Each structure stands twice: as structure tokens, then as C-alpha cells.
Amino acid sequence: RPAGPTSGTSGIGGSGGSSQNMLAGARDAVFPSLVHVSVISVHYWGGQEQRYQSTGSGTIISPEGLVLTNAHVTDGGVEFWCTLADKTRIKATLVGEDPMTDLAVLQIQADGIGPLPASTFGDSDTLEVGDQVLAMGSPFALDRTVTFGIVSNTDRVFTSGADDEFRPMYLSGNRSGLLTNWIQHDALINPGNSGGPLVNMRGEIIGVNTRGGSGAGFATPSNLARRVAEAIAVHGEVPRTTIEIDLLHLERTGYSRGVFVDSVTSDGAAAKAGLQAGDVILSIDG
């Protein structure tokens with residue numbers, strides 16, 4: 001091809017204005033519902049009350065003003081404020097938290113300001129490695145930022161490398177992430193991005209950015225986040241049943257299928273049903 005200037009091309013995702021239009025469309029679909037979350041927490045030291053402010057990100061997910069964010073953003077908070085896209089700062093209340101998935105829901109006190117712009121959830125099960133995504137939020141308390149990247153892994157599970165146990169992740173003393181298969185991506189996120197949306201090129205929330213660093217970000221998949229948000233909105237928490245067992249991968253157990261029961265809580269449901277340490281579960285519900 002002869003050398004020379006070209007027109008109508010973009011350095012992102014190929015040629016033409018189509019890539020730029022796609023990015024702009026995805027941005028504009030979610031930006032109006034992006035909020036900067038400010039949390040005031042209270043601690044006591046030497047008999048004196050100490051007040052601290054921390055920040056995070058969130059997304060309005062209903063016209064009534066429900067905001068989805070991270071539980072480690074809201075944890076310990078006694079006062080919550082959300083700054084909207086038009087820079088209006090509005091007080092919010094905590095609807096509920098779910099430390100097991102590190103998600104929380106706030107309610108903006110939106111009386112008198114009418115319906116709020118709300119984003120919609122996409123289907124995280126349709127994500128593929130290499131899909132383009134945008135990470136939005138408030139890194140370092142700098143509100144309304146967007147970074148661009150691709151999906152690196154659609155089903156990341158954290159385990160300890162030594163003994164093949166599923167590794168729980170702890171936030172604020174609570175076990176978090178044990179029930180989450182993460183979306184790994186390389187769109188830059190930093191402290192303050194927590195709770196902000198991961199957005200696909202259709203302008204849908206495809207995940208909730210929760211942790212990251214060194215070029216690797218991890219987001220809770222939207223299909224899980226949507227179910228958790230709906231449960232919190234109704235119940236103030238996520239009602240769960242428990243079977244109270246710990247599991248191991250089959251590697252080095254001598255078995256080729258199923259899942260290995262490593263331990264059973266003595267008074268839990270699994271013990272009452274007859275499960276014992278050393279059992280291998282081959283099927284559920286028949």
C-alpha cells in the first residue's frame with residue numbers, strides 16, 4: 001500500500017469512525033448514571049470521635065435512585081453522599097450490603113428531582129476473551145473517568161496454589177469473593193474505581209469493578225451483581241442457605257470426577273444429611 005496520510009481511521013479496534021462511534025455510544029449510555037460515592041465513617045480513639053471520609057464509585061440502576069457499588073466502599077459508613085453527572089451532590093442511605101460478593105446498594109434521596117438516568121445490565125455469560133470493555137469510575141477521587149481495555153479471562157477463580165483449596169478473600173474482616181468467578185480485564189482501575197461499572201460496547205453494565213492493580217482488574221459479573229442487587233433491594237441483604245462443607249479440587253485425591261469433601265461442620269445441614277469428610281460428591285439433586 002502506498003505510504004501517505006489516511007483519513008477516517010482510528011487507532012482503536014480497527015478503522016473508520018465506527019470504532020469511535022461505538023466507544024462514544026457505550027460511554028454515553030452509562031455516563032449519565034455514573035456516580036461518585038463519598039462515605040463518612042466514624043471511629044473512636046482515646047475516647048474521642050474521629051470522622052473519616054473515603055470515596056468510591058457506583059452506578060444508578062433504577063429511575064428511583066438505587067445505586068450499585070461495592071460493600072468495601074460502604075463498610076462502616078454512617079453518612080453517604082452521591083455526586084451525579086450534573087455535579088449535584090445528594091445524600092443517600094444504605095439499603096444493604098453483601099460481603100460475600102462485596103456488593104452494596106445505596107438509595108439516593110431523590111425526592112423532587114424526578115426520575116434519574118439508570119443504566120441496564122448486560123449478559124455477562126456472553127463475554128469472550130478479547131471483547132472490548134470500558135471501566136468507569138472515580139480513581140483517586142477524580143470523578144467521571146473512563147479507561148479502555150479488553151477482557152483477559154471470563155472465569156477467573158482464585159485458589160491457593162499450595163493445596164488447591166478455594167481461597168477466600170477478606171475485606172473488612174468479612175470473607176468476600178468466595179462465591180464469585182471474576183471477569184479479569186486490563187482496563188486501568190485504581191483506588192476509587194471500586195464499585196464502578198465495567199461496560200461492554202453496547203453500553204451495558206457487564207460487571208462491577210471490585211479490585212485490581214498492576215494492569216489486571218477484576219469485576220463481579222453482571223449476572224451475579226444483578227441478582228445480588230435485586231435481593232438487597234427487596235430484603236436488605238441476600239438470603240442464603242448453607243450446607244457448611246469445605247471442598248478441594250480432585251488433584252492428588254486419586255479421583256477423576258466429582259468434588260472432594262475436605263471437612264464438614266458437625267452441626268450443619270451437610271452433616272445432618274450424612275455427608276462426611278472424604279466423601280466425593282458426584283451429582284446434586286439426583
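Points to keep in mind about this one:
- As a calculated quantity, the FRET efficiency between ALA24 and ALA85 at R0 = 22 Å, using C-beta atoms, amounts to about 0.90.
- Per residue accessible area of the chain, 1.4 Å probe, in Å²: 52
- Taking the Cα centre of the chain as origin and assigning +1 to Lys and Arg Cβ atoms and -1 to Asp and Glu Cβ atoms, the resulting dipole is close to 840 debye.
- Rounded to the nearest 10 degrees, the angle from helix 222-235 to the longest Cα principal axis of the chain is 80 degrees.
- Close amide-amide hydrogen proximity is noted between VAL95 and VAL105, LEU106, GLN107, each under 5 Å apart and 5 or more residues distant or on a separate chain (H modeled in the peptide plane; Pro and chain starts excluded).
- Computed FRET value (nearest 0.05) for VAL280 with THR242, which takes r as the C-beta separation and R₀ as 25 Å: 0.75
- Equivalent ellipsoid semi-axes, the chain, via Cα gyration tensor eigenvalues times 5, rooted, Å: 35, 28, 17
- With the charge dipole of the chain set up from +1 on Lys and Arg Cβ and -1 on Asp and Glu Cβ about the Cα centre, the Cα lying farthest toward the positive end among the listed residues ASN70, GLN132, LEU23 is that of LEU23.
- CD proxy at 222 nm, helix term only [per DSSP H run n ≥ 4: -39500 (n - 2.57); per residue of the chain; nearest 500]: -3500 deg cm²/dmol
- Each peptide in 90-100, 26-36 receives the mean, over its residues, of other Cβ atoms within 10 Å, and ordering these scores from highest gives 26-36, 90-100.
- With all protein chains in place and a 1.4 Å probe, the accessible surface of the chain carries 50 percent carbon and sulfur.
- A cut-off of 5 Å between modelled amide H atoms, ignoring neighbours fewer than 5 places along the same chain, links ILE205 with THR120, PHE121, GLY122.
- Angle between the chain longest axis and helix 16-30 axis [Cα atoms, degrees, rounded to 10]: 60
- Sorted peptide list for 210-222, 237-249, 191-203, criterion being average Cβ within 10 angstrom, highest first: 191-203, 210-222, 237-249
- Of the peptides 278-284, 229-235, the ranking by mean beta-carbon count within 10 Å, highest at the top, reads 229-235, 278-284.
- Principal semi-axes in Å for segment 186-264 [√(5λ), Cα gyration tensor, largest first]: 31, 21, 12
The values are calculated or read from the model by the stated rules, or taken from the named source; none is laboratory data. Since this is a predicted model, take the numbers as computed values, not measurements. A quick note on method: Cβ atoms are made from the backbone with ideal geometry, for glycine too, and the neighbour counts reach across all protein chains shown. These area figures cover heavy atoms from the full protein model, side chains too; ligands, DNA and RNA do not enter into them. Shrake-Rupley method; radii C 1.70, N 1.55, O 1.52, S 1.80 Å.
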